[in-house]
1. With the full set of protein chains in place, find how many percent of the accessible area of segment 108-216 is carbon and sulfur; take the probe as 1.4 Å.
2. All other residues with a Cβ under 10 Å from the Cβ of Gly131 taken together, and with Lys, Arg as +1 and Asp, Glu as -1, what is their net charge?
3. Of Leu145, Tyr193, Leu216, which is farthest towards the positive pole of segment 108-216's charge dipole, taken about the Cα centre with +1 and -1 on the beta-carbons of Lys, Arg and Asp, Glu respectively?
4. So if I take the centroid of the Cα atoms in segment 42-59 and the same for segment 178-195, what is the distance between those two points in Å?
5. Going by the alpha-carbon gyration tensor, a ≥ b ≥ c the square roots of its eigenvalues, is segment 108-216 rounded (a/c under 1.5) or, if a/c is not under 1.5, prolate (a/b greater than b/c) versus oblate?
6. Between Ala197 and Arg215, what length comes free when the chain is fully extended (0.36 nm per residue of separation minus the Cα-Cα distance, one decimal in nm)?
7. For a Förster distance of 22 Å, can you work out the FRET efficiency between the beta-carbons of Lys155 and Glu190, rounded to the nearest 0.05?
8. Please give the length that would be gained between Ala125 and Leu72 if that part of the chain were fully extended, namely 0.36 nm times their separation in residues minus their C-alpha to C-alpha distance (nm, one decimal).
Amino acid sequence: MPDDRIGTAPGTAPTGQIPVSPNNPCPFLRALVANGYVGGHAVPLSKLSEIVGDASGQTGPGKKKVRLATWLVAVIANGLGPLRVLKSATSGAVLDELRDGPLDKHGGGSRILDVDAKVHEDEIAWLAGFGKDYKDPSGGVERGLTAKEIDTFMKANIKRDGDAARWYYPMLMKGEWPVLLKILGKGEGEARYLSVAEVRTLFVERRLPERITKRLPKPASR
Ligand code: HEM
């Protein structure tokens, strides 16, 4: 069922943002919806994969790979039944009906966003606890997580979930934090890190850094 609750605590939505349903639990997609890059309900997979490809900053075969990976995730995001998959392939992924879908780990992830899309600061602190202070290539020092630290963080999340964690959660997680590191990360190679401050902005303000939005076409609806 489409959901018209608005997952925004009063006073926290930067002006001009489009409200996002709490039934969209993906921080990355929430930022795309809130800023008008994609609609909040049914989004054609071609459109979704194109925008994620643009955000990745990849070109040529690299971009094609990102687009295909996004398409494959999105086509099963609303259900695994053959009719549902066909519907997703033809009319798009329904972004305000992702909650309780096949990708929802029900608390097996970071737990930063709860079912009402409320942000839990203590869970951002939990994430930050797995990181270290790194030199920001554009100046200063900031807390961040490298690929290795993200891996430790994801394993700790699974462990914390105890018996509730399903065997395939580690596979789902590979398409979340490590991909966010690929897109948002600063620095190169093993030193590349995901900035905790930028993760916070993404979850709390539903905003991507300007260096990423510069890669995207102008939002259609604001
Ligand atoms: C580049 C593209 C994407 C990135 C970087 C990304 C990143 C993330 C991250 C970091 C999380 C948070 C996990 C946590 O709190 O532990 C997440 C959750 C989620 N994402 Fe995405 N995502 C992307 C694309 C997609 C797509 C295309 C879909 C489906 C259409 C999707 C559906 C979800 C869902 C349902 C969750 C909730 C999982 C849970 O609560 O366990 N994401 N994503």
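The values are calculated or read from the model by the stated rules, or taken from the named source; none is laboratory data. Since this is a predicted model, take the numbers as computed values, not measurements. Quick reminder, even Gly has a Cβ in these numbers, built from the backbone with ideal geometry, and neighbours come from all protein chains shown. Side chains are part of the model used for accessible areas, which takes the heavy atoms of the whole protein and leaves out ligands, DNA and RNA. Shrake-Rupley method; radii C 1.70, N 1.55, O 1.52, S 1.80 Å.
1. 55
2. With Lys, Arg at +1 and Asp, Glu at -1, the neighbours total -1.
3. The residue sitting farthest along the positive end of the dipole is Leu216.
4. 19
5. prolate
6. This chain segment gains 4.4 nm when fully extended.
7. 0.75
8. 15.9 nm
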